[in-house]
Structure formats: structure tokens, C-alpha cells
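First up is the structure itself, then whatever we jot down about it.
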Amino acid sequence: MNAAVYFDHNATTTPDARVLDAMLPFLHQPQGNPTSRHSFGRQARAAVENAREQVAAAVGAHPSQVVFTGGGTEADNLAICGIANAMSPSIIAVSAIEHPAVFRPAQALFGRGWQAARIPVTGAGQVSADALCDLMRQKVGLVSVMAANNETGVLQDIAALAEIARDHGALMHTDAVQALGKIPLDFDALGVNAMSLSSHKICGPQGAGALILDKRVDIQPLLRGGGQEKGLRSGTENVAAIVGFGLACEYATRELTEHTRRMTQLRDRLEAGLQRLGATIFGGEVARLPNTSFFAFPNLEGETLVMAMDKQGYAIASGSACSSDSTEPSHVLLAMGVAPELARGAARVSLGAGNDEAQVAGFLRALENERNRWQQLTAMAV
Ligand code: PLP
């Protein structure tokens, strides 16, 4: 049986029907190129600029600060490599729990004279401000810490960390891909210099994202060509996806309070059940995204649980879906000091718009059956 209940919204979401409706006209022929001067081109340009306003408004920024990209990964790469390439090499400090879209480009700077330093996290998954202060005694030029972790959902105090970076003359980037649409975000209040966003995590289409930039920051493009996006991201804009992203931002902002209330209620219900079944919940003691629960049962492999629950009709994730070809325990949990045996058991439920209480109750029943079945098997094996 194919999974019928989708509990993997931190991996991707289904586009909102209202978003799809708004995109469709831009996929029909004839479609203008936003750089063309004729009426088709002007129409496409107007749509892109309208979306720029919607994205900027979602994070309290000015439209001129928005650089459209092909997604969150590209926004992260542009931030890390683009900013570093405009500076003289020093140290880039990234938290130990970053998504590969941040830590891989940070590692790639190594060959260009940069050094990479990892900012440790506490057992609860929070980036330690003290550890960042210690690191800043060295020559750190760029700091990158995510606003919310994709696996645990743990939120970081970005404003405090950005202040430390600023006080030491470093620039600060935050990957807010998982935070957008789930918690309020204000670019200026956070005091960062760059922020990455992605469309498909907020019921927008895949393949669109943005880097929000402090206008004082020097940055080099990664893609050179026709000079779109003020020369920072050459290439014909993906107009339909950008239109969808803009509208998804508008809905996410408008519906944030109600969405948060619903998600928190469902997540708390889920976690009460998980605890009753004896699961460990990671990061449960600190502020988290309202939709995310990352948990493990001792001696039960996360991958095994994902496959078993898929058979029962529930789509969940083990570790990070974006690197699910790897069977290594989650680097996020290891950074939090979780024992590798328990970390291997980690599974994530990330709730979203289509989920309800009946689905959560059904999931808990299926999970209990699975846990009992597996406990009997282990008892027989001893
Ligand atoms: N950053 C974080 C925290 C993510 O969770 C993801 C995707 O899961 C990305 C970046 C990459 O975004 P995209 O899939 O839009 O490239």
C-alpha cells in the first residue's frame, strides 16, 4: 500500500491550489521573458516584481533586497560562496547542525584560503552563544547559523548570535528555509546580513527560492550571464514558480497564527502519544517549530520504522530527507551528543496543512502495533 497520510512537510509540501491557479497563466503560451520589452515581457516582469514584494513583505524586507534563486540550496550557496568571494579569506563559522546546503559550500571555501570552524550546540540542539563568542577571538569573517533545524525543529536565537558576529566585525547569514511560514521572521530585527528562503517548504512550487540581502553587503554572483537579478543571478527567471512562491509567502504570512495554533495542538497530541509509547523526543525541552517532532525508540532503526510506517500508510522521514541516501546517524543528533545507537533510531514527523487529529491518532495506533511487534521479535531473539 502506498502511504496515504503525508507527515513529511519539512521535506516538501504540496502546492496550495490557490498558488497553482495563480501560476497556470504563466505556463500557458505565449509566455513572455521578463527581460523582453514587448507586452508579454512586461507582463512577466510585473508578475516577478509583484512576487518580489510578497516575498519581501513576508520577512519585513524591502523588495530591492530580494534575489530570486532556484531554491534554498542555491540561496545558501550564493550567500556562503558569494559573500566569501567578495572578502579576503579568513574563517567561516557554521553551526554543527547546518543543512548540507550550508556546510558543503563552507567546506568548499577551504581550497580558496578559508578555514571552516564548527559552532557546537547544546544537548538540546541550541547553538551556544558562549561557544560563538569563544570562536570570535579568532579572525572570523562570516558566520552562518540556521533559524530552525530541519530535523529537530529547534529554533536558534539568531538576533543574539548576529549581534555577537556584528560586534566582532563578521557578517552573518541565516538559513531560514524551515522557519519561513512556521514562525514570524523579520530580517531587520534579526540583524542578519543575508537570509535564505525556499518556496516548496511553504506550499509553493519546487525550484524557487530567494536570498534576502542587506544592501551594504558585497557579494559576487555564482552564475554569470544576462545579468538578471541585478547581476547576482543570471538566467531567465522561472516566472511561474516565482509567482507561486510570492503568493505562497503571502498566504503563509496571513495564515501564520492559525497554522501555528493548529500545528502546535497536533504536535502536542502526537508527542503525548509518543511519550506514552516510550519514545525519546529530541529537542523537546526548548523552543521548536510547531510542526516538527524528531524521536527514537531504543534498538529500533529509523529506516526500518520509516519503511514499516510507509506500509501502514504513513509517510515519515528518518534523519534528513535531503540526504536520505546516507545511512549514517543524523549529524544533528551526534552534534547534540546523542549516542549513535539511539540516533540511528531517529524518525521525524513533520506536520502540515492537510493533517488532522484522526491521522495523528491512526499513526499512534499503527506505531504502537509496530513497536509491540518489534519488541516481541527482539524478545524471541534473546
Ligand atoms: N536548508 C534547509 C534547512 C532545508 O531543510 C533545505 C531542504 O530541506 C534546504 C536548505 C534546501 O532547500 P531546497 O530544497 O529549496 O534547495
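The values are calculated or read from the model by the stated rules, or taken from the named source; none is laboratory data. Just so it is clear, the model here is predicted, and its values are computed rather than measured. All Cβ positions, glycine included, derive from the backbone under ideal geometry; neighbour counts span all protein chains shown.
Can you tell me which residue in region 9-54 is nearest to Asn150 (Cα to Cα), limited to those that are in contact with a Ser or Thr (Cβ under 6 Å, 6 or more places away or on another chain) and within 16 Å of the ligand (Cβ to nearest atom)?
Asn10
Suppose we filter Ile316, Ile281 for residues that are β-branched (Val, Ile, Thr) and over 19 Å from the mean Cα position of the chain (by Cα); which single one remains?
Going through Ile316, Ile281 in turn, the sole match is Ile281.
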### Query
Inside region 162-174, can you point out the residues that are surrounded by 15 or more Cβ atoms within 10 Å (Cβ to Cβ), under 19 Å from Met87 (Cβ atoms) and charged (D, E, K, R)?
Arg166
### Message
Of all residues being buried (at least 22 other Cβ atoms within 10 Å of the Cβ) and under 16 Å from Asp186 (Cα atoms) in region 135-161, which is farthest from the ligand (Cβ to nearest atom)? Just the residue, please.
### Response
Leu161
### Pairs where the first residue, in region 277-288, is outside the structural domain of Gln126 (by TED's automatic domain parsing) and the second is aromatic (Phe, Trp, Tyr) and outside any strand (DSSP E or B), C-beta under 9 Å, 6+ apart
Leu277/Phe297; Gly278/Phe297; Ala279/Phe297; Thr280/Phe297
### Query
Hey, any hits in region 114-123 for a residue that's of a type in the set (Lys, Arg) and part of a helix (DSSP H, G or I)?
no
### Query
Scanning for something without any contact (Cβ under 8 Å) to a residue 60 or more places away in the chain, polar (S, T, N, Q) and over 15 Å from Glu151 (Cα atoms), does region 364-373 turn up at least one residue?
yes
### Message
If Ile92 satisfies all but one of (1) part of a loop (DSSP other than H, G, I, E, B); (2) crowded, with 24+ Cβ neighbours inside 10 Å, what's the number of the condition it fails?
### Response
(1)
### Query
Could you say which residue among Glu258, Glu250, Glu271 is modelled with pLDDT of 95 or more, touching a strand residue (DSSP E or B) at 6+ places or on another chain (Cβ under 9 Å) and not hydrophobic (A, V, I, L, M, F, W, C)?
Glu271
### Task
Collect the residues in region 206-220 that are within 16 Å of the ligand (Cβ to nearest atom) and surrounded by fewer than 23 Cβ atoms within 10 Å (Cβ to Cβ), keeping them in residue-number order.
Gln206, Gly207
### Message
Pairs needed: first member in region 59-88, closer than 10 Å to Leu213 by Cα; second member anywhere, part of a loop (DSSP other than H, G, I, E, B) and within 16 Å of the ligand (Cβ to nearest atom); C-beta distance under 6 Å; at least 6 residues apart or different chains.
### Response
Val67/Arg233
### Summary
Being closer than 21 Å to Ala96 by Cβ and at pLDDT 95 or above narrows Ala358, Ala296, Ala315, Ala279 down to just Ala296
### Query
Inside region 97-134, can you point out the residues that are touching a residue at least 40 places away in the same chain (Cβ under 8 Å) and crowded, with 19+ Cβ neighbours inside 10 Å?
Ile97, Glu98, His99, Ala101, Val102, Val121, Gly125, Gln126
### Task
May I ask you to list the residues in region 163-184 that are assigned to a loop (DSSP other than H, G, I, E, B) and more than 16 Å from the ligand (Cβ to nearest atom)?
His168, Gly169, Ala170, Pro184
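A quick yes/no check of all residues on (1) more than 25 Å from the chain's Cα centre (by Cα); (2) over 30 Å from Ala353 (Cβ atoms); (3) surrounded by fewer than 14 Cβ atoms within 10 Å (Cβ to Cβ):
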{"position": "Asp16", "(1), (2), (3)": "no, no, no"}
{"position": "Ala22", "(1), (2), (3)": "no, no, no"}
{"position": "Pro25", "(1), (2), (3)": "yes, no, yes"}
{"position": "His28", "(1), (2), (3)": "yes, no, yes"}
{"position": "Asn33", "(1), (2), (3)": "yes, yes, no"}
{"position": "Gly41", "(1), (2), (3)": "yes, yes, no"}
{"position": "Ala46", "(1), (2), (3)": "yes, no, yes"}
{"position": "Arg52", "(1), (2), (3)": "no, no, no"}
{"position": "Ala61", "(1), (2), (3)": "no, no, no"}
### Message
Which condition from (1) without any contact (Cβ under 8 Å) to a residue 60 or more places away in the chain; (2) more than 16 Å from the ligand (Cβ to nearest atom); (3) of a type outside the set (Val, Ile, Thr); (4) buried (at least 18 other Cβ atoms within 10 Å of the Cβ) is the one that Phe187 breaks?
### Response
(1)
